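Written out below as structure tokens is the structure these notes cover.
Here, each number is a calculation from the coordinates, and none is a lab measurement. All of these numbers come straight from a predicted model, not from anything done at the bench. All Cβ positions, even for glycine, are placed from backbone atoms using ideal geometry, and neighbour counts span all protein chains on display.
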Amino acid sequence: MEDVGLGVGAVARRLGVSPSTLRTWNRRYGIGPSRHSEGGHRRYASADIARLELMNRLILDGVPPAEAAHAALTAVEPEQPGPSDGGKAGAGRGTGGRRLSVPGATPATRALARAAMALDAGTVTSIVGEALARDRVERSWNELIAPVLIAVGERHAATGALVQVEHLLAGCVQGALGHVLASAGPPVTTRPVLLASAPEEQHCLPVYALGAALAEEGVAVRVLGARVPADALADAVWQVRPAAVFVWSSLRETGDSAALDGLPQGRPGHRLVLGGPGWTLAAPDPGAARHADRPEGAQAERAGGGLRRGGGGPRHVDSMAAALREIRGAYGRV
């Protein structure tokens, strides 16, 4: 006899949420029961429950519900090998397989890649959280997180696959970085650093990573996240009078530095630091080298001179290490 699945009450108890929450998820995000009982009642099949369990784990790890639902709905479980396929069914469906190749892989990056490919949010969160606690943000980003993010991005660019893996990994990493920000001790600086993604720039993990690294050093930070309009950033500059402003752009479509010309100067001024490969500098400094950004941390020469707005213009950095140097300089640190 075919299994007709579980009712909403049983699934709610299994996940530790209320039945009304499940109904809301179904109504808002389309993640609900797919079967019906003989009496016409809707029932949750095993696949439905697996999606809900994944969505619930992602939400508990700090991923917004809409993104968690999208990741759960797009997740593709590997098919079980049949007797006539030699164990190859579901191995990758033309997407490069279920293993992720990470250049220069270490045991840590392999473990993180395996967990991400398996959509194992709990293990991803554990690996990232333990690395951040043990090695701090900058090293964890350069040696663990960024290499796996890059590998996922390259596979997606080549095949169009792994959207669900990218979303899950990014959500877990952002949650772990958010924990670092929330648990940082009192800052030793008075004027904060503003960190934001460029207008229409949806990627913001480098913003959170840099903010968390600065918070570890006792720097006051204000992380504004993704897609921050230029006028909103200008209002924030007026409000908090930052020592430095960091803006991230990963795409040419979002990296027009002329959009930042309206940022207020103020006295004392602030350093404007642009990170990411997307920037087209409106008035580049002839003495500043232009580099393609590498999140894993290529070394960059330190640009000297005054970086105050109106005194040399914005500076483009190509790594977290370079960004940290520029921002430390705003406080007179080495």
Which value in nm describes the separation of the simple spin-label points at R136 and W238, placed 7 Å from the Cα toward the beta carbon?
3.7 nm
Using θ = phi - 60° and the Karplus curve 6.51 cos²θ - 1.76 cosθ + 1.60, what whole-Hz ³J(HN,Hα) does each residue of region 18-33 get, with Gly and Pro shown as x?
8, x, 5, 5, 4, 5, 5, 4, 5, 5, 7, 10, x, 10, x, x
Got a sec to turn the phi values of region 236-245 into Karplus ³J(HN,Hα) couplings, 6.51 cos²θ - 1.76 cosθ + 1.60 with θ = phi - 60°, whole Hz, x for Gly and Pro?
5, 4, 4, 6, 10, 6, x, 7, 8, 10
Anisotropy class of region 107-161 from Cα gyration tensor, a/c 1.5 cut:
oblate
